[in-house]
Every structure is written in C-alpha cells, then in structure tokens.
Amino acid sequence: MKKTIRKIVSTLMAATLAASFLTACGGGNAATGTSAAAGKEAGDKKVLKVAMECSYAPYNWTQPTDANGAVPISGSSDYAYGYDVMMAKKIADELGYGLEIVKLDWDSLVPAVQSGKVDCVIAGQSVTAERMQSVDFTDPYYYATIVTLVKTGGKYENAKSVADFSGATCTSQLNTIWYDNCLPQVPDADIQPAQESAPAMLVSLSSGRCDLVVTDKPTGQAALVAYPDFKLLDFTGTEGGFKVSDEDINIGISLKKGNTELKDAMNGVLAKMSKDDFDQMMEEAISVQPLSK
C-alpha cells in the first residue's frame, strides 16, 4: 500500500512539465465538452479544471460561502470545499496554476475527462483496473479503509465480522468498490439497487430501507455527524474484514489517457507528501465540513 516515491528528477521536471501540460489537457468548454486552450486569470495564469461531485463529504461538498478557503463552483454562486478541493488547491499552487472546480454527477466524471471537458477528476475515485481501461491515474493521494455503517440498537450493531451480517439488507453507492466488491461478500445478503450518490446511500440507511451500507472511513466518520444514530464498524486488519486489494483502497486522480505531462507534474507534487500528510488533511476536512458545526 505504500506510495512509491518518485525519483528526484521527476520532481525537478515538474515545473518544466507544468509549463506545457495544460496546452494538452486544456480548459475544456463546459457546454460542448470540446478541448480548448487553458483558461486565463489575471496575469495570463493558466487554469486547472478539476471535476468532482461537490456532494461527497468529507472528500468534497457544496457550501454557500468561501469559508475556510472554499473555491467557487464553475457556473454557480456556490463554493466547493473538502479534502479533494484542498488537494486540488495544493497541486494548482505548487504548479503555478489557477483552479476551477466543475460540479458533475458521479457517473459523468470519467466521461468528462475522456472528452476533455475537464483536465482531471479529484473525487475519491479508487484506482481500479476497470477504470484504468478508460483513464490514467496518478499515484494515490489517499488510502481508504473500508467500513460498514449500521443503526445503533439495530440487529447488526454488535457485529464483529462480515460474516455476522449474514442475511442483511444492504446497499451502497453506484459504481463503487463498496457496492461491486464488498456487498457480495456478505453471506446471503439482500443487496438492494445501488444508490446514485453517497448522501442517497446514507438516507437509505437512515430511513430503514436497509440494514447497513458499506463505505470508506472518512465518509463514515462524516456521516456520524449528520446521523448520530449510526454506528461505524471497522473490521480492517482482522480475519473477519472485507477482502480488498490495493486497487480497492488506493484513491487517485484520474486524467485523460496519454496525458503524461499532467500526470507526471501531479505525481511530482504528491511525491513530496506522506500518508501522515494525507491523514492530517482529511482530519481537517472532517472538522470543517458543514455538518460538523
């Protein structure tokens, strides 16, 4: 799971690469999805266009003000913040670019990268083999832990392993390893249709339509603030935990296939950061999410 540290030369090349990568990745036209020259700010600064859901706390969310350094959402009066925005800001600052956040539905993220509508996606995406057939990924910018959310006082609140969820009605978010890889590991599970978003997944549990949902730890920790009657169960490191691979838990930034200039430049920034740096940033994101107040 440890992130491979890039050679020093990669880091030294990052500044040079940054000067050219946005001519390739472009600042796509949001209306047509066509590639275009990078956008400009004061002083002709080029702009990095980053897509995310803006509804997936603590990775990303929408808020009405620029509190804590939130970034305006393109075409909206609202702002985006969260771990993904913090990471996007750091990368853009390191490479000397402006930043534009583009709000898209989860299923629209990969197509937006493929079409050139955006330069990259920073949205809590697992680096799976299936996704890598469609897009390229940077080195991980976070390492996720798989957890389960249940209702306090419910049938499964004292579960000690995945096996203890036997027969549970469950769901998770559409097109995630939580739904596709983890739920089928629950014995005799009654797997309900996947939910279109993380918030919808949490509502399903809150309303009693399911017994449990599977997600990652940051999402689960954020959910506990909004739903104090939820209980987080983490079997990581035990024999009874979900069986996952590195590709299931490594979270990366997706880019258009072949955009090596942008990929290498971003990896140069990530190479300077440690897992502890990632964890500290995530803790900060969780502490300032809107529901934490």
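The values are calculated or read from the model by the stated rules, or taken from the named source; none is laboratory data. The shown structure was predicted, so the numbers you read here are calculated from the model rather than taken from an experiment. Here the Cβ positions follow ideal geometry from the backbone for every residue, glycine too, while neighbour counts run over all protein chains shown. In case anyone asks, the SASA skips ligands and DNA or RNA and just uses the protein heavy atoms, side chains included. Shrake-Rupley method; radii C 1.70, N 1.55, O 1.52, S 1.80 Å.
Restricting attention to segment 173-186, the residues that are in contact (Cβ under 8 Å) with a residue 40 or more places away in the chain and farther than 26 Å from Ser55 by Cα add up to 1. Selection of first residues in segment 65-78 that are β-branched (Val, Ile, Thr) and of second residues that are assigned to a loop (DSSP other than H, G, I, E, B), restricted to Cβ pairs under 8 Å at least 6 apart or on distinct chains, gives the following pairs, ordered by first then second residue: Ile73/Cys54. Among the residues making up segment 140-153, those that are open to solvent by less than 30 Å² (accessible area, probe 1.4 Å) and part of a loop (DSSP other than H, G, I, E, B) are Pro140, Tyr141, Ala144.
The condition of being touching a strand residue (DSSP E or B) at 6+ places or on another chain (Cβ under 9 Å), among the hydroxyl-bearing types (Ser, Thr, Tyr) and part of a helix (DSSP H, G or I) holds for only one of Ser108, Ser134, that being Ser108. Scanning segment 88-100 for residues that are assigned to a strand (DSSP E or B) and open to solvent by less than 30 Å² (accessible area, probe 1.4 Å) gives a single hit, Gly98. Return the total of residues in segment 108-134 being open to solvent by 10 Å² or more (accessible area, probe 1.4 Å) and of a type in the set (Asp, Glu). The total comes to 1. Contact map, segment 95-113: first residue of a type in the set (Ser, Thr, Tyr), second residue assigned to a strand (DSSP E or B) and open to solvent by 20 Å² or more (accessible area, probe 1.4 Å), Cβ cut-off under 8 Å, separation 6 or more or different chains; pairs are Tyr97/Lys46. Selection of segment 74-87 for residues being out of contact with any helix residue (DSSP H, G or I) (no Cβ under 7 Å at 6 or more places or on another chain), crowded, with 19+ Cβ neighbours inside 10 Å and either farther than 12 Å from Met281 by Cα or not aliphatic (A, V, I, L, M) (or both) yields Tyr79, Ala80, Asp84. Of all residues in segment 53-69, those satisfying the criterion of being open to solvent by 20 Å² or more (accessible area, probe 1.4 Å), in a loop (DSSP other than H, G, I, E, B) and at pLDDT 95 or above are Pro64, Thr65, Asp66.
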